[in-house]
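One structure is given here, and the rest of the page talks about it.
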Amino acid sequence: MLSLPLRTILELSLMLWIMGPGHGWCGDASHPWGGIPGERLEFSLKWMGIPAGRATLVTNTHSQQQILFEAEATTVGIAKLFGPFKDRLQAIAAIRSTGYTSLDVFKDQRKGNDVRLTHDRFDWSNKTLQRSREGEETQELTLTDPTTNDPLTGLFSVRSLPEFGPGQTVQRPMLVGWEIKVVTMRAGPVERRQGPGGWFEVFPVLLEIPDSDLFIRPDDLVIWLTVDRRRMPLRVESVLRLGRGTVDLISYDDGRGGSGRYPEEKRQ
């Protein structure tokens, strides 16, 4: 179900850029870093410059000590001619004093009449990661590093690191496909970019994924995060072996009382 280059870039976008650095949590609950419950981000996805999909990222409270991250991506426009699909991802994470810890990840992939449901369970008591999928044998990986996260939780984790910013480099283990790899993230200098509702100060983050089959170079995945506490992903660029994909933030509700939206004519 992942044969098309278009679907590859949509899934990379949906899961952010799939490699966050792991953990991070601001102790000041009144002014936390990163996304907070109530946040909703909407993105426009393009493949080789052509509008190809829409994606959303939503944060909600799951319980007193747990948080729920949700991502959804669908094809739009001419991209539907090459195989319309709709993917949804839910990640439940525990809120610790040191950051988010992955617990359960549910992935719902739909392409035509084909449906694939996946459940990744992070069993920290036994230090194992178990993947269940209908019609397939259960897979298992050993968890050796407590900072290992699933991709979606990793996105929100990197955003919540107050110490990570321009000029900084971090390395964290991340679930990539069905492997745990150490991903390097290098933050560049501050620049200004236009986004929904105005201009933003942002900094680029280059993600170096070792031994990747998708990218020509190990750092062909870049995300621009806002410099402020929200650390909103304003833009993503991915250079794959089969073409270039981009993701742009087109509307947001930051859960803090702030919002922005591009006029409809500029949302493509």
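Where a number appears in this text, it was derived from the coordinates with a stated rule and is not lab data. For clarity, every value in this text was computed on a predicted model and none was experimentally measured. FYI the Cβ positions are ideal-geometry reconstructions off the backbone, even for glycines, and counts take in every protein chain you see.
Quick notes on this one:
- Counted by neighbouring Cβ atoms within 10 Å, the residues W47, W224 run from fewest to most as W224, W47.
- Peptides 116-128, 160-172, 52-64 ordered by average Cβ neighbours within 10 Å, highest first: 52-64, 160-172, 116-128
- Summed residue charge, Cβ within 13 Å of L129's Cβ, Lys/Arg positive, Asp/Glu negative: -4
- Under 20 Å from K46, Cα to Cα: aspartates and glutamates that are on another chain or at least 8 residues apart: E11, E72, D87, D219, D220, E237, D248, E264, E265
- Full extension of the chain between R256 and T118 gives 46.4 nm of extra length, using 0.36 nm per residue less the Cα-Cα distance.
- Taking a Cβ cut-off of under 15 Å around E39, the surrounding Lys, Arg, Asp and Glu residues balance to a net charge of +1, with basic ones at +1 and acidic ones at -1.
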